Structures are given as structure tokens and as C-alpha cells.
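Visitor: Please find one structure pasted underneath; my questions will follow.
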Amino acid sequence: MPFHARTLPIVTVHRDTILNPALSPTSRLLYAVLLASLDGDLGLESIASLVGVQNAEALEPYLEELESVGVVEMGEHAGQGSVLTVNEMPTLPAQRTHACVPCQECGDCSCSYIKGICQPCYYIRDTFEQARTDIARYKARLAEGATYAIGSNGSRLHRWDCPTLNTPEKSMASLEEQKPDAKERGVYWSRLPVLYTAEELRLKGTKKRNCAICGPDPL
Ligand SMILES: [Zn+2]
Ligand SMILES: [Zn+2]
Ligand SMILES: [Zn+2]
């Protein structure tokens, strides 16, 4: 079931960082402003002006202060160049590696998602997984003698091999076709039909009209 989340326009800051007397007032404000701007598209110039320094370059010493306490990391990330990472919680010195973890599928930076895989690749992998599960379900049903299908709009009864229905081959071919642009456009698995045995349909008391193209055996 899809769900929507209503999130509040609120940021959470780490108390000990905001109250850290070793940080300059500008650094403490910068930490809060950086966190507040993560989902927006505030550039460093606007951030500089919000914290009261002249320009993005003038942020440097404050960013270094924040880096020294582990709430900011600066480093090179695969496919993205130099990236500023802001942590809500300071990282421990042992965790501050500054090393990018490239995606095991595409080699781009995966640091803002699950380390080791980037978000588009995770989604692609998940869709292929869905495809495998769907195909296994379909084949198992066929093996059980479920040779009838109800079309996706639910109006007609078909033979499982009706040319108007999806098959593992057709759906898989379409998935493979989407693969080259998958990172940009995403991928979509066309679900295979739900299959029924004649017995199940009789029990259901289905009154669907027979498809004229495949002409399923009478129930
Ligand atoms: Zn990275
Ligand atoms: Zn990737
Ligand atoms: Zn049909």
C-alpha cells in the first residue's frame, strides 16, 4: 500500500553542539542553518549571508571548526567532486574517514543513501527482485494447473497464454529495455496476470465474458 508522509518543517539539532562553548557563535549558527537548508536549494552564498559572513569563501574557517567536532565533513565523492556533508549528530573521530563509498552497481557516490549502493541502483535492484518474485509466483501457479487469467481491467477471462496478456518473457524484455536509462528514469515491472484453476473460478462463481482472441475452454 502506498503511503504519504506529512513531515513538519522542523530540524533537529544536537544539543551539545549548539551549546559547545569551544565553537564560535558563527559556527554554531552555521551548523543550524546548514541542517535547515539540507532539503532546499540554498547555495553556500545564501548560507553565508544568513550567518552574517561576507561570502561563501569566508565560511571556510567556520566549516573547519564544525569539521573538527564531526558535524561537517568535506571530501571528494565519486561522480560528484568535492562534497560538504552535514551530520545531525557529530561522528566519532574513529568514524571520520572522509572516504567516499562508491556504489557497487554504478560506481557513483552512495554516501547519501545506503553505504555501498546509491538510491537509483537500490530501486533498480528492488524492481528486479520484484520481477523474480512475480515470475516465481506465476510459474508456480501454472504448475498447479492454474491456466486461466483475468485481464488487468478485470473484464475478460483469458487463457494464460493469451497474446494480450503479459508473460515473463514480455515483461522481462521490457525491463531489460528500460535498463540503459534506468538510473535517470527509473524502471517499472509490468506485473504478470493472476492465474486461476477452473475449479477456483467455478467456486468464485465468476461471470466474466470469455476473451474472443484466446477463447479459453468453457469452465
Ligand atoms: Zn561518497
Ligand atoms: Zn549506483
Ligand atoms: Zn485472451
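All of the numbers you see were taken from the coordinates with simple rules; none came from a lab. Keep in mind the model is a prediction, meaning the values are calculated, not measured. Counting neighbours? That spans all protein chains shown, and the Cβs are built from the backbone with ideal geometry, glycine included.
Visitor: Under the Karplus relation 6.51 cos²θ - 1.76 cosθ + 1.60, θ = phi - 60°, what is the ordered set of whole-Hz ³J(HN,Hα) values for region 51-58, x standing for Gly and Pro?
Guide: 9, x, 10, 5, 7, 4, 4, 5
Visitor: On to the next question. Compute the relative contact order of region 52-185 as a whole-number percentage, counting only Cα pairs closer than 8 Å that sit 6 or more residues apart in sequence.
Guide: 13
Visitor: Taking H as built 1.01 Å from N, whose amide H comes closer than 5 Å to the amide H of I117, not counting residues under 5 places away?
Guide: For I117, whose amide H was placed from the backbone, the distant partners under 5 Å are Q104.
Visitor: Now for a separate question. Hey, how many Å between the Cα centroid of region 156-217 and the Cα centroid of region 30-45?
Guide: Using only Cα atoms, the two centres lie 48 Å from each other.
Visitor: Something else now. For an R0 of 22 angstrom, estimate the FRET efficiency from the Cβ-Cβ distance between T206 and E169 and round to the nearest 0.05.
Guide: Details: r = 27 Å, r/R0 = 1.23.
Step by step, r from the Cβ atoms, then E = 0.25.
Visitor: For region 57-160, list log₁₀ I(q)/I(0) at each q in 0.18 Å⁻¹, using the Debye formula over Cα point scatterers of equal strength and ignoring solvent, two decimals each.
Guide: Reported log10 I(q)/I(0), two decimals: -0.93.
Visitor: With 20 Å as the cut-off, how large is the P(r) tail for region 15-89, expressed as percent of Cα-Cα pairs?
Guide: 25
Visitor: So what are the ³J(HN,Hα) numbers for region 27-39, from phi and the Karplus equation (6.51, -1.76, 1.60; θ = phi - 60°), rounded to whole Hz, Gly and Pro as x?
Guide: Calculated HN-Hα couplings, in order: 5, 5, 5, 4, 4, 5, 5, 4, 4, 5, 9, 4, 8 Hz.
Visitor: Please work out the ratio of the alpha-carbon Rg of region 118-219 to 2.2 N^0.38 Å and round it to two decimals.
Guide: Ratio of Cα Rg to 2.2 N^0.38 Å: 1.24.
Visitor: Can you quote the Å³ per residue value for the convex hull of the Cα atoms in the chain, rounded to an integer? Write out the running numbers ahead of the final one.
Guide: Details: hull volume 40.6 nm³, N = 219.
Looking at the chain, the number lands at 186 Å³ per residue.
Visitor: Same structure, new question: For N210, enumerate residues with amide H under 5 Å from its amide H, sequence gap 5+ or separate chain, H modeled in the peptide plane.
Guide: L157
Visitor: Taking the chain as the reference, fit the longest principal axis to its C-alpha atoms, fit the long axis of helix 119-143 to the helix C-alpha atoms, and give the angle between the two in degrees, 0 to 90, nearest 10.
Guide: Tilt of helix 119-143: around 20 degrees.
Visitor: Would you mind getting me the FRET efficiency between R137 and Q104? Use the beta-carbon distance for r and R0 = 35 Å, nearest 0.05.
Guide: On the way: r = 28 Å, r/R0 = 0.80.
Calculated transfer efficiency: 0.80.
Visitor: Sticking with this one: Return the FRET efficiency for the residue pair K115, D39: r is the Cβ-Cβ distance, R0 is 25 Å, and the value is rounded to the nearest 0.05.
Guide: Taking R0 as 25 Å, the efficiency between K115 and D39 is 0.75.
Visitor: In whole Hz, with x marking every Gly and Pro, tabulate ³J(HN,Hα) for region 159-169 from phi via Karplus 6.51 cos²θ - 1.76 cosθ + 1.60, θ = phi - 60°.
Guide: 6, 4, 9, 4, x, 7, 9, 5, 10, x, 5
Visitor: If you keep only loop residues by DSSP, which trypsin sites (Lys or Arg not before Pro) in region 175-213 have at most 13 other Cβ atoms within 10 Å of their Cβ?
Guide: Filter output for region 175-213: K207.
Visitor: Also: List the chymotrypsin sites (Phe, Trp or Tyr not before Pro) within region 1-110 that fall in a DSSP loop (any state other than H, G, I, E or B) and whose Cβ has at most 12 other Cβ atoms within 10 Å.
Guide: Those satisfying the criteria are F3.
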